Amino acid sequence: MTYFYETEDRILMRNIARDFVEQELMPIAQQVDTDPESVDMKSLYHRAGELGILGLAVPEEYGGTGADYTTVAMVNEEIGKALPVMGLNISVHSILSGELIMLLGSDELKKRYLPDLASGKTLFACCSTEPVGALNHTEWQVTATEEDDHYLINGSKMLISQAGLADKFVVLAVTTRPVDPATRFGISAFIVDAHAEGVTIGHHEHKFAMHGSASTTVTFNNVRVPKEDLIGERDKGAAGMMISATNEFMTCGPMCLGMAEHCFDVTLEYARQRIQRGKNLIDNYQVVAHMFADMWVKIEMLRATCYNVFDQKDKGKYQLAQGRMLKVMGSKIAMEVAADCMQIYGGLGCITETGIDRYWRDAKMLHIAGEASEALMDNIADFIKTDKTDI
């Protein structure tokens, strides 16, 4: 089947990602889930950089691929089929961190950091979440105090994806109190060396899903950051984060689409081969056939919604509400499809080696992590109240 968004250039990049997934990610996907410490995740990101995947959204003038957002979606869909955790961390690196630099950074800052970000030579993580809550900016405790030619950063961030692998952090910190609850004026963004004096990386959290993401607490104790590593203007970092975070939320849509597609495909193959009473499962049991019909409808609904949103993004719209919608809708559909697939497998669906449970767990984590679905729905409601769903 040919879809409206498939062009020659996009298909070329999608096929590069597909080969990477099939040849290098799928063979180790189960190992990443069961024994992540045994896998050299950093080498996988370097390989993704070589293939142009890390720099998809980075302009060519800064060493990137210079692709459009629909291409980003197609690549994320492929990665979601094998290793969602890698898709998540690529978005943290390239979108959440990289696009903040692209949106707010000076030309000099972009030239200094984006080429190594695009190539994978330097891996980025974004330090935003604090114990008081990711969105509760008025009570954030991490501060950046201006002193002569530098800032001193103090405080702790938590549940920072990829912090255990990152070479650089994009850190959001309070520079002026009180932080304005409406505009979030008072929050600034900085690039911080992960190995700088005063930076402490905590132990890797043992999560039920997204194994291999090396999520940790990051503590800053009088970490000295040169003023030239302030991203954009002082006190205006949260405005850029609003957009880069939206773009990261958007990537969850096609990633979850890939997750659902994979679960559907392998389960359909199983149902056709599993014989009971002389027939396979899908021919023998109408309830099973209807489960596949229901899953197919959900997958195609998600596909149509995803690529419409990305098409609008490529036409210049921010898609602030729609980007959040894709994270909520995508994770929910991926969970539902994975759960139905485990049900069809029956007892085998309870066995980790079957591989379906990993997609359910990863989808559930996406429904919570990086801003819970309830919080995103609250955001969407605000856009509706203020008639800002079409921007």
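Can you tell me which residue in region 118-139 is surrounded by the fewest Cβ atoms within 10 Å (Cβ to Cβ), limited to those that are over 18 Å from SER213 (Cα atoms) and in contact with a Leu (Cβ under 8 Å, 6 or more places away or on another chain)?
SER119
When you go through GLY52, GLY80 one by one, which is the residue that is of a type outside the set (A, V, I, L, M) and in contact with a Cys (Cβ under 7 Å, 6 or more places away or on another chain)?
Values: GLY52 fails: in contact with a Cys (Cβ under 7 Å, 6 or more places away or on another chain).
Within the list GLY52, GLY80, the selection yields GLY80.
Which one of LYS227, LYS236 is among the charged types (D, E, K, R), within 21 Å of HIS137 (Cβ to Cβ) and at pLDDT 95 or above? Spell out how you get there, then give the answer.
On the way: LYS227 fails: within 21 Å of HIS137 (Cβ to Cβ).
Residue meeting the stated conditions: LYS236.
Among the numbered criteria (1) in contact with a Phe, Trp or Tyr (Cβ under 6 Å, 6 or more places away or on another chain); (2) farther than 19 Å from THR251 by Cα; (3) of a type outside the set (A, V, I, L, M, F, W, C), which one does TYR307 miss?
The single condition TYR307 does not satisfy is (2).
Looking at GLU108 and the list (1) out of contact with any strand residue (DSSP E or B) (no Cβ under 8 Å at 6 or more places or on another chain); (2) in contact (Cβ under 8 Å) with a residue 60 or more places away in the chain; (3) surrounded by 19 or more Cβ atoms within 10 Å (Cβ to Cβ), which single condition is not satisfied?
Unmet for GLU108, out of (1) out of contact with any strand residue (DSSP E or B) (no Cβ under 8 Å at 6 or more places or on another chain); (2) in contact (Cβ under 8 Å) with a residue 60 or more places away in the chain; (3) surrounded by 19 or more Cβ atoms within 10 Å (Cβ to Cβ): (3).
Would you pick out the residues in region 309-355 that are among the β-branched types (Val, Ile, Thr) and either under 20 Å from LYS385 (Cα atoms) or in contact (Cβ under 8 Å) with a residue 24 or more places away in the chain (or both)?
At the first step, the residues of region 309-355 found to be among the β-branched types (Val, Ile, Thr) are 309, 328, 333, 337, 344, 351-352, 354.
Answer for region 309-355, where residues must be among the β-branched types (Val, Ile, Thr) and either under 20 Å from LYS385 (Cα atoms) or in contact (Cβ under 8 Å) with a residue 24 or more places away in the chain (or both): VAL309, VAL328, ILE333, VAL337, ILE344, THR352.
Search region 10-51 for residues being within 20 Å of SER119 (Cβ to Cβ) and free of Cβ contacts under 8 Å to residues at least 12 places away in the same chain, and hand back the single one that is farthest from the chain's Cα centre (by Cα).
Step by step, filter region 10-51, then rank; the result is LEU12.
So PRO181 clears everything in (1) under 19 Å from THR216 (Cα atoms); (2) at pLDDT below 95; (3) of a type outside the set (Gly, Ala, Ser); (4) in contact with a Ser or Thr (Cβ under 8 Å, 6 or more places away or on another chain) except one condition, right? Which one?
Failed condition: (1).
Taking region 144-192, which residues are more than 24 Å from the chain's Cα centre (by Cα), open to solvent by less than 40 Å² (accessible area, probe 1.4 Å) and within 21 Å of GLY370 (Cα to Cα)?
If the condition is that a residue be more than 24 Å from the chain's Cα centre (by Cα), open to solvent by less than 40 Å² (accessible area, probe 1.4 Å) and within 21 Å of GLY370 (Cα to Cα), then GLY155, VAL174 are the ones that fit.
Give the residues of region 194-214 that are out of contact with any strand residue (DSSP E or B) (no Cβ under 8 Å at 6 or more places or on another chain) and either open to solvent by 30 Å² or more (accessible area, probe 1.4 Å) or of a type outside the set (A, V, I, L, M, F, W, C) (or both), sorted by residue number. Outline the logic, then answer.
Here is the first cut: in region 194-214, the ones out of contact with any strand residue (DSSP E or B) (no Cβ under 8 Å at 6 or more places or on another chain) are 195, 206-214.
Listed by number, the residues that qualify are HIS195, HIS206, LYS207, PHE208, HIS211, GLY212, SER213.
On the given criteria, is ALA260 hydrophobic (A, V, I, L, M, F, W, C), over 19 Å from GLY349 (Cα atoms) and either assigned to a helix (DSSP H, G or I) or touching a Gly at 6+ places or on another chain (Cβ under 7 Å) (or both)?
no
Given the conditions (1) buried (at least 20 other Cβ atoms within 10 Å of the Cβ); (2) assigned to a helix (DSSP H, G or I), report the number of the one that ALA239 does not fulfil.
(1)
Starting from region 271-298, keep only residues that are hydrophobic (A, V, I, L, M, F, W, C), then list their pairs with residues that are open to solvent by 70 Å² or more (accessible area, probe 1.4 Å) and assigned to a loop (DSSP other than H, G, I, E, B) whose Cβ atoms are within a distance under 8 Å, requiring at least 6 positions of separation or different chains.
If the second residue must be open to solvent by 70 Å² or more (accessible area, probe 1.4 Å) and assigned to a loop (DSSP other than H, G, I, E, B), the pairs left are LEU281/ARG274.
Please verify whether region 215-235 includes one or more residues that are closer than 17 Å to MET86 by Cα and either open to solvent by 30 Å² or more (accessible area, probe 1.4 Å) or of a type outside the set (D, E, K, R) (or both).
Here is the first cut: in region 215-235, the ones closer than 17 Å to MET86 by Cα are 215-216.
From what's left, either open to solvent by 30 Å² or more (accessible area, probe 1.4 Å) or of a type outside the set (D, E, K, R) (or both): 215-216.
Yes, some residue in region 215-235 is closer than 17 Å to MET86 by Cα and either open to solvent by 30 Å² or more (accessible area, probe 1.4 Å) or of a type outside the set (D, E, K, R) (or both).
Answer yes or no as to whether THR7 is free of Cβ contacts under 8 Å to residues at least 24 places away in the same chain and under 19 Å from CYS306 (Cα atoms).
Values: free of Cβ contacts under 8 Å to residues at least 24 places away in the same chain: yes; under 19 Å from CYS306 (Cα atoms): yes.
So THR7 passes the test.
Let me spell it out: the conditions are (1) open to solvent by less than 10 Å² (accessible area, probe 1.4 Å); (2) in contact with a Leu (Cβ under 9 Å, 6 or more places away or on another chain), and GLY258 meets all of them except one. Which number is the exception?
Condition not satisfied by GLY258: (2).
Pairs needed: first member in region 175-197, at positive phi; second member anywhere, assigned to a strand (DSSP E or B); C-beta distance under 7 Å; at least 6 residues apart or different chains.
Matching pairs, first to second residue: GLY186/VAL174.
Tell me which of these GLU99 doesn't satisfy, since it passes every other one: (1) open to solvent by 10 Å² or more (accessible area, probe 1.4 Å); (2) within 30 Å of GLU261 (Cβ to Cβ); (3) among the charged types (D, E, K, R).
(1)
The values are calculated or read from the model by the stated rules, or taken from the named source; none is laboratory data. Not measured: the values here are computed from a predicted model. Every residue, glycine among them, receives a Cβ derived from its backbone with ideal geometry; neighbour counts consider all protein chains shown. Heavy atoms of the whole protein, side chains included, go into the accessibility calculation; ligands, DNA and RNA do not. Shrake-Rupley method; radii C 1.70, N 1.55, O 1.52, S 1.80 Å.
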